[in-house]
Amino acid sequence: MSDITSFDIIGMFSEIAVSISRNSLWLSRLDTINGDGDHGEVMMAGFTAMENQLAALNPSKVTPAGVFDMAAETFLTVDSRSARLYASAFRRAGSALPGKAVISSGQFDLAFAAMAKGIITHGQAHAPDKNMVDAWQPAIDAYQATKAGGGTLFDCLAAAADAALEGAEPATGEPTAALPFGNPNKVMNAGAASAVLIISAMRDSLQE
């Protein structure tokens, strides 16, 4: 995929929303172990609200940067630290893009890197505990390494998704029921798990 339009970015967010909605109960179950038990609900609220906003958009009247900005504004309406982190990430992505109707895959690279930087900067990872930073850091490292090796956008996102899952896997833990991915003998951090879902949905939506 060389040219990316607002229609593609809207489709990407729709793919993410579907994945988060499908797995929201699982995310909240994970969050009961080391959080407030509402991570799935929070993430679904943000992406559902965003879906409603995007549904009213005319893709020809908004730029890819504008779609990211709208996503940021929507997530700011959700009272949660995770939502604020993603609002910041989406805002950074929008700011990294030119105000054009069509962007290149290289410009999307900048947006993805800006998202990751926002999460990594403010995500407050505390080893050995895992959180979303442990998914996003290896994801952007793998993305950029694949890009440097001549990979396509899909190659980069596929490498990022694989690295995010590997980074999110905890070293130890108790079994978790009904895992959609990951080691069934280990409990994944909810924020790390939602990061894997988000990056995987980006990969699936922005195929060649």
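Simple spin-label estimate for Asp155 and Ser2 gives 1.6 nm between the two label positions (7 Å along the Cα-to-Cβ direction from each Cα). With both labels modelled 7 Å from their Cα along Cα-to-Cβ, the Val18 to Ala148 distance reads 3.5 nm.
In a simple Cβ point-charge model (Lys, Arg +1; Asp, Glu -1; nothing else charged), region 3-205 has a dipole of about 360 debye relative to its Cα centre.
Remark: Asp31, Asp155, Asp79 ranked as Asp79, Asp155, Asp31, counting other beta-carbon atoms within 10 Å and listing the fewest first. Only one of [x] 9, 38, 37, 14, 2; [y] 8, 34, 41, 16, 1; [z] 8, 34, 36, 18, 3 was calculated from the structure for P(r) over Cα pairs in 10 Å bins from 0, in percent, and its label is [x]. Here the calculated FRET efficiency for Asn52 and Asp141, from their Cβ-Cβ distance with R0 = 25 Å, stands at 0.15, rounded to the nearest 0.05. Counted by Cβ distance under 14 Å from Gly94, the other residues give a net charge of +2, where Lys and Arg count +1 and Asp and Glu count -1.
Pairs of Cα atoms nearer than 8 Å and 6+ residues apart set the relative contact order; for region 3-205 it is 22 percent. Taking label positions 7 Å along the Cα-Cβ direction at both Ser60 and Glu166, the computed distance is 4.5 nm, reported to one decimal.
What the Cβ-Cβ distance of Ile33 and Thr77 gives, at R0 = 35 Å and to the nearest 0.05, is a FRET efficiency of 0.80. GNM on the chain, alpha-carbon springs under 10 angstrom: the most fluctuating residue among Asn131, Asn23, Asn58 is Asn58.
Laboratory data are not the source of any read-out in this text; all were calculated from the coordinates shown. Keep in mind that what you see is a predicted model, and the values were worked out from it rather than measured. A quick note on method: Cβ atoms are made from the backbone with ideal geometry, for glycine too, and the neighbour counts reach across all protein chains shown.
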